[in-house]
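Enquirer: The structure is given below, and queries will be raised subsequently.
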Amino acid sequence: MMILKELTKNRPITISYYKDGLLNTCKGHIYNLDLQQQSLSVKDGHQQICSIRLASIKEIG
């Protein structure tokens with residue numbers, strides 16, 4: 001529940017998440033939140049889109 005609360009704020013965020021067993025970090029604004037697919041898309045300052053599965057999120061700051 002706390003993760004969803006953080007994702008609703010309209011501000012830049014930093015997300016730490018696991019992908020292929022490695023800890024990654026993505027910084028940007030929420031682009032899309034798909035609860036049915038349980039995924040999140042974040043657009044960074046270079047207009048690159050990073051797709052993250054909600055279950056793989058370790059921390060949101």
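Computed from the coordinates by the stated procedures, all read-outs in this text should not be read as laboratory data. Because the structure is predicted, anything quoted here is derived from the model rather than measured. Cβ coordinates were reconstructed from backbone atoms using ideal geometry, including for glycine residues, and neighbour counts include every protein chain displayed.
Enquirer: Which option, (1) 22, 48, 23, 7, 1; (2) 16, 19, 19, 23, 21, 2; (3) 23, 63, 14, is the value of P(r) over Cα pairs in 10 Å bins from 0, in percent that was calculated from these coordinates?
Expert: It is the one labelled (3).
Enquirer: Just subtract the alpha-carbon distance of Gln48 and Asp34 from 0.36 nm times their residue separation and send over the number in nm, one decimal.
Expert: 3.2 nm
Enquirer: Now for a separate question. Select from Lys19, Lys27, Lys43 the residue whose mean-square fluctuation is largest in a Gaussian network model of the chain (Cα-Cα springs shorter than 10 Å).
Expert: Highest fluctuation among the options: Lys19.
Enquirer: Quick one: putting +1 on the C-beta of Lys and Arg, -1 on the C-beta of Asp and Glu, what dipole do you get for the chain around its Cα centre, in Debye to the nearest 20? Spell out each step's value before the answer.
Expert: Numbers: 8 positive and 5 negative charges, 27 e Å.
My answer is approximately 120 debye.
Enquirer: So, in the chain, how many Lys pairs have Cα atoms under 17 Å apart, if the pair is 8 or more places apart or on different chains?
Expert: Counting lysine pairs in the chain gives 7.
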